[in-house]
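Colleague: For reference, the structure I am asking about is given below.
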Amino acid sequence: MSAPWPSSAGRSFWPGRSMPGKSHQEAGTLDQRPQANAGRVDVPPDPQLIKESPQAKLTGHMAEPTYIPALSYAFLTRWYDVVVRWTTRETVFRHALLSQVAPKDGHRILDVGCGTGSFAVQLKLAAPGAEVTGLDGDAAVLTIARDKARRAGLDLAWVQFSALNLPFPDARFHAVVSSLFFHHLSLENKGRALAEIWRILEPGGELHIADWGRPRNPLMRAAFLSVQLLDGFNTTRDNVAGRLPELIAQAGFVGTEETKRLATPCGSLSLYRAYKPPRATPQRPDGDVLSAR
């Protein structure tokens, strides 16, 4: 685990609020959650994401990582940007996603599963007055992301935390975006992540996702086998079945739609958009009803 975030473009803040509806045991250790009226505070990394603690080095017991590295394997992280550029028509889909999000100064935007930070940096360049936060479980990709922001002279927040337990108060963000992240999650965890995104979005807030979708033809289905061989069949079967819009709606979002579908060398890439209604009572994937926020 890396040391506390550097003071340059790589710090993580939110106005101090405790998280309603979660015990400290559920939400993390006590010192991870700011007390009321604590002002702006740093977000330490999620202890559940530590792969090797000092205690583990001494005892020989290793903690299991609860995140999936970029391209599924840590040794491939250095090649992530190159692979994405050549296999996903990155310039085209990120431009379309940026136009769909339409970031504005003053907006608070969270990029869930931000990876190496390419799209978070694009968001900040498009709206310098927006508050852009990138969240990922992988310290290695966040190191790359911070360096991108530093070289661009941009001030973004970077948070190492799980998408299944977002470290933000309710109704914190105007928009949440996610690129090439959900196909890494099991069906259950897709639902958990979407429920957390619903919680931290303000009423009327927007969700924007770019990820693999239902193939448009047999050629795209065959091409997608390359993704499934790398990232796994279990986590990608919901994408190839076109179930993401259904799962988004089940989390309580409205107006869910596939706004664009692109043919790429690795299959069909879809863009989705949905909204959190002003007042709603979403359901967890297990059927439990959440109280309206």
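The values are calculated or read from the model by the stated rules, or taken from the named source; none is laboratory data. Source: prediction; values computed, not measured. As a convention, Cβ positions derive from the backbone with ideal geometry for all residues, glycine included, and neighbour counts pool all protein chains shown.
Colleague: If I filter the range 133-153 for residues that are within 20 Å of GLY204 (Cα to Cα) and crowded, with 21+ Cβ neighbours inside 10 Å, do I get at least one hit?
Modeller: Yes, the conditions are met somewhere in the range 133-153.
Colleague: A follow-up question, please. If you take the residues of the range 234-259 that are in contact with a Ser or Thr (Cβ under 7 Å, 6 or more places away or on another chain) and at pLDDT 90 or above, which of them is surrounded by the most Cβ atoms within 10 Å (Cβ to Cβ)?
Modeller: Here the answer is ILE248.
Colleague: Which residues, counting only those in the range 129-145, are more than 15 Å from the chain's Cα centre (by Cα) and either under 18 Å from SER178 (Cα atoms) or without any contact (Cβ under 8 Å) to a residue 24 or more places away in the chain (or both)?
Modeller: Hits for the range 129-145 are ALA130, GLU131, ILE144.
Colleague: Can I ask one more? What number of residues within the range 92-124 satisfy the criterion of being part of a helix (DSSP H, G or I) and over 22 Å from LEU269 (Cβ atoms)?
Modeller: So the answer is 1.
Colleague: I've got another one for you. Out of the residues in the range 262-274 that are surrounded by fewer than 19 Cβ atoms within 10 Å (Cβ to Cβ) and not small (Gly, Ala, Ser), which is modelled with the highest pLDDT?
Modeller: Among those that are surrounded by fewer than 19 Cβ atoms within 10 Å (Cβ to Cβ) and not small (Gly, Ala, Ser), it is LEU262.
Colleague: How many residues are on the phi > 0 side of the Ramachandran plot and in contact (Cβ under 8 Å) with a residue 24 or more places away in the chain when one looks only at the range 92-109?
Modeller: Qualifying residue count, the range 92-109: 1.
Colleague: Also, I was wondering about something else. When you go through (1) under 25 Å from ALA171 (Cα atoms); (2) touching a strand residue (DSSP E or B) at 6+ places or on another chain (Cβ under 8 Å) one by one for PRO128, which number turns out not to apply?
Modeller: So the condition that PRO128 fails would be (2).
Colleague: Is it fair to say LEU225 is crowded, with 19+ Cβ neighbours inside 10 Å and not aromatic (Phe, Trp, Tyr)?
Modeller: No, not satisfied.
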